[in-house]
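These notes are about the structure you will find just below.
The values are calculated or read from the model by the stated rules, or taken from the named source; none is laboratory data. Owing to the predicted nature of the structure, the values given are computational and were not obtained by experimental measurement. Virtual Cβ from ideal backbone geometry, glycine too; neighbours counted across all protein chains shown. Surface accessibility is based on the protein's heavy atoms, side chains included, excluding ligands, DNA and RNA. Shrake-Rupley method; radii C 1.70, N 1.55, O 1.52, S 1.80 Å.
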Amino acid sequence: MPETLYPTLRDRLQEERDRLHDQLRQMGIGSGGKLDFDDGFADSGQVTAERGEVEALGGTLLETLGETEDALQKFDAGTYGRCESCGNQIAEARLEAMPAARLCINCASSRR
């Protein structure tokens, strides 16, 4: 894989991380997935349909954030672009489409 592609992918991952942090903050989801809009209520366990939707979306965003941060840590460790399953290099096209990809296309396909 061309090393010149890595800085571009790192920039994309950093932008995605920042975007996810902003989106979670706007939704009222603080660090650790805590719902900040629960503060000040006697019964924070009350569940409404809207709250359930916010929690579901927040969970998805937190998962994506975790994958993005893991990919950035791999950059720092020098292991970015390696499949976590087989250890082979992940194809450039896959990383361009999914910069936080953990698996090569062969391993990802075999898990389905």
message: Pull out all pairs, ordered by first then second residue, where Cβ-Cβ is under 6 Å, the residues are six or more apart or on different chains, the first lies in the stretch 48-63 and is part of a helix (DSSP H, G or I), and the second is at pLDDT below 75.
response: Leu62/Gly33
- prompt: Out of (1) part of a loop (DSSP other than H, G, I, E, B); (2) hydroxyl-bearing (Ser, Thr, Tyr); (3) within 11 Å of the chain's Cα centre (by Cα), the odd one out for Thr79 is which?
  reply: (3)
message: Six or more apart or on different chains, Cβ atoms under 7 Å: show the pairs whose first residue is in the stretch 71-99 and over 17 Å from Glu16 (Cβ atoms) and whose second is among the polar types (S, T, N, Q) and open to solvent by 40 Å² or more (accessible area, probe 1.4 Å).
response: Arg82/Gln89
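Just for the stretch 71-87: of the residues that are small (Gly, Ala, Ser) and over 13 Å from Tyr6 (Cα atoms), which one is least open to solvent (accessible area, probe 1.4 Å)?
Checked the stretch 71-87; the qualifying residue least open to solvent (accessible area, probe 1.4 Å) is Gly87.
Which count do you get for residues in the stretch 82-109 that are farther than 20 Å from Leu65 by Cβ and part of a helix (DSSP H, G or I)?
Within the stretch 82-109, residues that are farther than 20 Å from Leu65 by Cβ and part of a helix (DSSP H, G or I) number 9.
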query: Can you tell me which residues in the stretch 1-31 are open to solvent by 90 Å² or more (accessible area, probe 1.4 Å) and modelled with pLDDT under 80?
result: Glu3, Thr4, Ser31
task: Check Ile90 against each of (1) open to solvent by 40 Å² or more (accessible area, probe 1.4 Å); (2) in contact with a Leu (Cβ under 8 Å, 6 or more places away or on another chain) and name the one condition it does not meet.
output: (1)
